[in-house]
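All of the numbers you see were taken from the coordinates with simple rules; none came from a lab. Bear in mind the structure is a predicted one, so any value in this text is a computation, not a measurement. Cβ atoms come from the backbone with ideal geometry, glycine included; neighbour counts cover every protein chain shown.
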2 protein chains.
Amino acid sequence: MLYSHLFGKTVKKAPADATAASHKLLYQAGFIRESTAGRYFYLPLGQRVQMKIMNIIREEMDRANAQEMLTPVLHPLSLWKENNRHRSAGYELMTIKDRRDFQFALGGTAEEMFVDVVRKFRPSYKDFPFNLYQFSIKFRDELRARGGLLRVREFIMKDAYSFHIDANDFQKEYEKMKKTYTRIFDRLGLATVIVESDNGYIGGEYCHEFVVDAEIGESKYLTTADGSYAAHEDVAVFKKEPKNNEEKMKPLQKIPAKRGTTMEDGVKFHQLPLWQQIKDVLFVDEKDRFILALIRGDYEVNEVKLKHLTGALDLRHATDEEIRNKVKSEPGFLSPVGIKDRVQSEIILVGDQSLRTVVNAYGGANQLHQDFLNINIDRDYKPDLEGDIALAKNGYLSTTEKQLIAKRGIEVGNIFQLGYHYSKKMHDAFFVDRDGKTKPFYMGCYGIGVGRTLAAIVEKYHDGHGILWPRAIAPFQLHFIALNIDDPEIQRSSDYLYSYFMNHGLEILYDDRPGVSPGEKFGDADLIGLPYRLIVSKKTAGKIEYKERAAKTSQLKTPEEILKSIIR
Amino acid sequence: MLYSHLFGKTVKKAPADATAASHKLLYQAGFIRESTAGRYFYLPLGQRVQMKIMNIIREEMDRANAQEMLTPVLHPLSLWKENNRHRSAGYELMTIKDRRDFQFALGGTAEEMFVDVVRKFRPSYKDFPFNLYQFSIKFRDELRARGGLLRVREFIMKDAYSFHIDANDFQKEYEKMKKTYTRIFDRLGLATVIVESDNGYIGGEYCHEFVVDAEIGESKYLTTADGSYAAHEDVAVFKKEPKNNEEKMKPLQKIPAKRGTTMEDGVKFHQLPLWQQIKDVLFVDEKDRFILALIRGDYEVNEVKLKHLTGALDLRHATDEEIRNKVKSEPGFLSPVGIKDRVQSEIILVGDQSLRTVVNAYGGANQLHQDFLNINIDRDYKPDLEGDIALAKNGYLSTTEKQLIAKRGIEVGNIFQLGYHYSKKMHDAFFVDRDGKTKPFYMGCYGIGVGRTLAAIVEKYHDGHGILWPRAIAPFQLHFIALNIDDPEIQRSSDYLYSYFMNHGLEILYDDRPGVSPGEKFGDADLIGLPYRLIVSKKTAGKIEYKERAAKTSQLKTPEEILKSIIR
């Protein structure tokens, strides 16, 4: 490719709002441009990388016997309704009507579509298992797009869906996909951590994220130094150590407490430890139910866990007005004790297990400047639901008593157990078993965001001057620079060398621009970041100056020697 | 690929509404399934073919120095508005709002998007020319989907857009793309006719369709036996031979005419030739203007030509009521003579050139049972617009006096001159020329519908038993059938041969199903239509029965001999 003909040349400045290195560099080096917020043009350089990533994913999926196909991106909304997912997907789902008023969802993921095409064949047990995948445009009406390709509203996803006669058979595929993903990301130069995660609106019982460690990432997870545990903040568990369990219960006592409304105000006023205080957080869900989350004072509530325990789809904090007028309590003085008698509408008390590590707790008394002392679970209040709603944090102990380390990373892929989540909700989602009976099939699904993977690679492979593409996905292997190209002799030999390397099957970007300074050409080469830089000039006298992108020094080599170093 | 594991097996029956051979066969053979009307799943076999077609297109576009990139499929509607195309595209365009009420068009073609990304770079003359292409999902809210993949509402299109400093430079690219397209379709096994066509809502001044002859096709065109002329019915021109031009004009005469309302009724009543009658067709356009199309009685009005001449976007026939109440005339007795004095609202008289081949014409007199004789253009009426609005038909003479032959075909690709159509309407769509001045760039665009091309191939390559895939795009090359596979010896040798051919780089579909009759396996092989069929059974005794799909007889060959015949 002649650089003079390439569409999408380098520019000096990144967009003012770009903070992520990948966003800045991909923009400046001419790989991407924004159309509208979160929707990107892939320029020729960017599209070359995207296709190389796709090909590596394709090769590994094929090697794992998955079968590529393609579904429409406009999904009949009726399919999403079979499953009620048009609700759980919430605002992220875009819908549209055609001129006949037929409703479609713009696909965010395609579970329903794959169930639909599979059930058209009324499969038998003999047809199982199989794993179907596609590369297709996905739509997410994200509240905020950010970080260039890191969080977008439209992107190519490799999504795969596997179908099985039972959980046992699925487990084998799940492990195979774990290995396949690890191999894919290895080939792409990305070390990934496999992190337990939350299924969200995809559904199912468990899933894993493939995360590339990076401060810019949005995936917060907790891991141990030995890597034996890794889980997303949404689902991470930890050991809740007993505090004063041995103490005897004292009688409940209500006392005046002219204090502020924070937890710290409580600690100061009573001169008692934070952990002995009860933290009361009042939420309202999408059905306007009140949910009072109760947890030991030194812990925080994890809303994702709270949603799972309560079945709520959406939670928001109650307002001061709601606390006063509807719950008849007082902000900063909420208490589970007696609250059910005050409230007009429904309220659900949800207790974290940590409440059982404390005896004689203290906290508000549902009235301004009134506190309870010696609150005890079961005796003074009884949660409607009890479980783990605590947020894991850096420094906590894992359940195997290793220290948890909080990290951030970029989620580049994920694999989900779906089980019967779809096949039991959607009609005719069954197969005919050996015994002639119809049974729902068991499913898993597996996604990789291609653009985000591309961005993660740049986050990992760059320096102060530009990108350092791993060879397997570099848009070209060679950046060939002709200096003094106005000299007909140089022009002739450069053109010859360009053909020479091309004819040996190398992908080569040839900076053939006349009248551009060496400094500018070197700067562009560093910014674009191809793995090998070749320079021909009057000084190189028949040889070629050869430098690897990351190297500090260059060498003079013959074309044959360069071929030898490059072709492996 | 093991047939037993393949998702999407053959079925006996085609959908009841399928008429096109490609629709039936692609369905029965397990290449496609319908999601909703006009939106298709590509099953693994279908997707393999689709990707092979895409790769051939990609190779040839790259060879022509076009550069692949990718644009979002949700286009900001504001871009379409810069150009007023959200109107001209009409109902076919689907639009959607996101949660911030930002409006998008679902891309039908992407001219605006490419102009938008190019103008972001504020290019100079040195950057030109370039041709950018993509493979991306396109949306057309067609009134009627039909013929399986022949007319759909969602499909992958290869669309390309070229940018030039002027018309001269564009012309070279246009010719290059003509050659590139011819080469692409040749490689796909499709003979195409290059047909002049109408630009429609794409805009620009001229364009060409690549048409595969087929009765099932929707493109009607006219050509000469020697192929020197080929034009879509919408734009085809023909020679309008003079009739009685030499005659002297006689005085206009109004006479009672108790006749019916058809052209034939006029002929019978007056005992004069059809060509001497004036045909008056009254239309109403989208601005509620009346348009009276006037043409020689033996010709028909071509609405596409009429739209071009009048600038109307949409035309419908006027109702009898409108003719009576608004135009104050009479159905079947319309006449241009004096009509402007009767009508309250605007009426535009549009005359075909053929009116000048006749003297002393006859026709209605704007009153029931009153006709004019000896109507003469310029003397008795004057068209507001005059030009070619005649529909070309089989048997007419071309302008070079060769007989026109009417044909039908499938439009698989098209190339458009866009000129300044976009760059003069959209802001900042310019380049900086050598003289430092900004000038609008000159454009062309080039499309290929991948799915329709796939269907056209099946229309051309099938017989009574199934598809006959050209090798270049067959989903696999070999259909390998093991009979008596329950015999462990056969199983072992079949498995070995499967690996043998795979290891030699051949794509092979291995029908490994136990308990399926030979007849069924042969039937499936014919239906799926891979180019080479290999059979191993007890009878073949160490050799393999080899047959090309189209051949009637088979031969016994060794694996090595088969490799030799197949690997070229």
Exercise for the section: Report ³J(HN,Hα) in whole Hz for each residue of region B:276-285, in order, from the Karplus equation J = 6.51 cos²θ - 1.76 cosθ + 1.60 where θ = phi - 60°; Gly and Pro get x. Expected result: 7, 7, 8, 8, 10, 10, 9, 10, 10, 9
Handout entry: Hits among lysines - C-alpha to C-alpha of B:Lys538 under 23 Å, sequence gap 8 or more where chains match
Key = B:Lys521, B:Lys547, B:Lys552, B:Lys557
Completion exercise
The ³J(HN,Hα) series, computed from each phi in region B:489-496 with the Karplus coefficients 6.51, -1.76 and 1.60 at θ = phi - 60°, rounded to the nearest Hz and given as x for glycine or proline, is 5, 4, 4, 5, 6, 5, 4, 5
Completion exercise
With the dipole of region B:1-133 defined by +1 on each Lys or Arg Cβ and -1 on each Asp or Glu Cβ, the option from B:Ile96, B:His5, B:Ala37 whose Cα lies farthest towards the positive pole is B:His5
Exercise for the section: Work out the mean other chain Cβ neighbour count within 10 Å for the residues of A:35-45 and drop it here as an integer. Expected result: 6
Fill in the blank from the handout: Taking alpha-carbon centroids only, region A:325-378 lies from region B:1-38 a number of Å equal to 63
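Using just the Cα positions, wrap region B:467-566 in a convex hull and report its mean projected area in square nanometres, one decimal place.
In nm², the orientation-averaged hull projection of region B:467-566 is 5.7.
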Completion exercise
Non-local residues with an amide H under 5 Å from the amide H of A:Glu386, with H modelled 1.01 Å from N and Pro and chain starts lacking one, are A:Gly351
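Among A:76-87, A:466-477, what's the highest-first ranking by average C-beta atoms within 10 angstrom per residue? Walk me through the numbers before you get to the answer.
Details: A:76-87: 17.8, A:466-477: 20.3.
Result, highest mean Cβ count within 10 Å first: A:466-477, A:76-87.
State the extension gain, in nm to one decimal, for the chain segment bounded by A:Lys402 and A:Thr319, taking 0.36 nm per residue of separation less the distance between their alpha-carbons.
My answer for the length gained is 26.0 nm.
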Completion exercise
Between B:Gly419 and residues 5 or more places away or on another chain, the pairs with built amide H atoms under 5 Å apart involve B:Met443
Problem - Spin-label model distance (nm) - B:Asp17 vs B:Asp186, 7 Å beyond Cα toward Cβ - result: 4.0
Practice task
Please report, in cubic angstrom per residue, the volume enclosed by the convex hull of the alpha-carbon atoms of the protein assembly as shown.
Solution key: 253
Fill in the blank from the handout: Karplus ³J(HN,Hα) for region A:501-512 (6.51 cos²θ - 1.76 cosθ + 1.60, θ = phi - 60°; Hz, whole; x = Gly/Pro) runs 5, 4, 5, 8, x, 8, 8, 9, 9, 10, 7, 9
Practice task
Calculate the mean, over all residues of peptide A:114-124, of how many other protein chain Cβ atoms lie within 10 angstrom of the residue's Cβ.
Solution key: 3
Exercise for the section: Give the long-range amide H neighbours of A:His462: residues separated by 5 or more places, or on another chain, with amide H under 5 Å away, using H modelled in the peptide plane at 1.01 Å from N. Expected result: A:Leu468
Exercise for the section: Once the label point is placed 7 Å from Cα along Cβ, list for A:Ala551 the distances to the corresponding points in the other copies, in nm, shortest first. Expected result: 5.4
Problem - Relative intensity, log₁₀ I(q)/I(0), of region A:253-387 from a Debye sum that treats every alpha carbon as a point, q = 0.09, 0.13, 0.19, 0.20 Å⁻¹ - result: -0.22, -0.48, -1.07, -1.20
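Arrange the following residues from fewest to most other Cβ atoms within 10 Å of their Cβ: B:Met1, A:Met502.
A:Met502, B:Met1
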Completion exercise
When the charge dipole of chain B is computed with +1 on Lys and Arg Cβ and -1 on Asp and Glu Cβ about the Cα centre, the Cα farthest towards its positive end, among B:Gly419, B:Leu483, B:Trp80, belongs to B:Leu483
Exercise for the section: Compute the FRET efficiency between B:Asp487 and B:Glu175 as 1/(1 + (r/R0)^6), taking r as their Cβ-Cβ distance and R0 = 51 Å, and round to the nearest 0.05. Expected result: 0.25
Completion exercise
Extension length gain for A:Tyr201 and A:Thr262 (0.36 nm per residue less Cα distance), in nm, is 18.6 nm
Exercise for the section: Could you sort out which of A:Lys81/A:Lys158; A:Lys179/A:Lys425; B:Lys220/B:Lys402; A:Lys120/B:Lys12; A:Lys239/A:Lys279; A:Lys279/A:Lys393 sit more than 20 Å apart by Cα distance in this structure? Expected result: A:Lys81/A:Lys158; A:Lys179/A:Lys425
Exercise for the section: Once you have the Cα-Cα distance between A:Arg289 and A:Leu143, take 0.36 nm times their residue separation minus that, and quote the gain in nm to one decimal. Expected result: 50.1 nm
Exercise for the section: Taking the rotation that carries A onto B, look along its axis and tell me which residue of A has the beta carbon nearest to it, distance in whole angstrom. Expected result: A:Ile96, 2
Completion exercise
If labels are modelled 7 Å from Cα along the Cβ direction, A:Glu286 lies from its partners in the other copies at nm distances, smallest first, of 4.0
Exercise for the section: Give the distance, in whole Å, between the Cα centre of region B:226-248 and the Cα centre of region A:463-511. Expected result: 57
Fill in the blank from the handout: For B:Glu92, placing the label point 7 angstrom along Cα-to-beta-carbon and taking region B:203-217, residues whose amide nitrogen sits under 18 Å are B:203-212, B:217
Exercise for the section: Give the nm distances, rounded to one decimal, from B:Asp62 to the matching residue in every other copy, measuring between label points 7 Å along Cα toward the beta carbon; shortest first. Expected result: 1.5
Problem - Average partner coverage of B:70-80, which counts Cβ from other chains inside 10 Å - result: 5
Completion exercise
From the Cα centre of region B:157-184 to that of region A:529-568, the distance in Å is 36
Handout entry: Inter-label distance for B:Val343 and A:Ser228, nm, one decimal - labels placed 7 Å from Cα along Cα-to-Cβ
Key = 9.0
Exercise for the section: Grab the beta carbon distance between B:Asn503 and A:Asp433, set R0 = 25 Å, and tell me the FRET efficiency rounded to 0.05. Expected result: 0.10
